[in-house]
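The values are calculated or read from the model by the stated rules, or taken from the named source; none is laboratory data. All figures in this text were calculated on a predicted structure; none of them were measured in a lab. Counting neighbours? That spans all protein chains shown, and the Cβs are built from the backbone with ideal geometry, glycine included.
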Amino acid sequence: MPAWQWFTSLAGEQVWTKEALNHSRDASLTMRIRRDDSFETKYQRQLADQHETVVKLAAELVLIYFLFPSSVTGTRKRDLIQKVSSWKQIEIPPAGLAAMQCLDDGIGGPGQAYNMRRPFESGFLLKAPDGSFPCRSRSAARCSQITKNSGAVRGS
């Protein structure tokens, strides 16, 4: 099981659906948040009225976001994922906890902007599975082909 799909494997439940992605995008775009709030505070407010499935998706997005950086400890990464899950009393199954050990290592140091612009990076992740992220005109056809063939997002 890929580390980022621990919820998806539960009793046939699908988290990466168009409906969940749309609800997550709507919550992040329509909620007015003060600039001085932390990412976690903003995220919690955005997800407060959302269905459990959307919060599971949010936790998985945080996991994907944290696969790259080696500048954040695995413990901090897991703590934030578990914190997001706790907002709807979602218990991560033992297999998911074991899979999150992959977060101890990262690929590289993405720099300050990656961490400071977390909402924008997360927003990109919300757009990528359904192909709604911007592609340069020269590579638009290839982008479209990749997202169409990936099967990453199943029907709503």
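A few remarks follow.
- Contacts under 8 angstrom Cβ, first residue in the stretch 106-125 being under 19 Å from Leu80 (Cα atoms), partner among the aliphatic types (A, V, I, L, M) and not in a helix (DSSP H, G or I), 6 or more apart: Gly106/Val72; Asn115/Val72
- For the stretch 84-99, the candidate set comprises residues that are of a type in the set (A, V, I, L, M) and under 21 Å from Gln44 (Cα atoms); within that set, the residue that is modelled with the highest pLDDT is Val84.
- Checked against the criterion of being loosely packed, with under 12 Cβ neighbours inside 10 Å and of a type in the set (A, V, I, L, M, F, W, C), the candidates Ala98, Ala113 yield just one match: Ala113.
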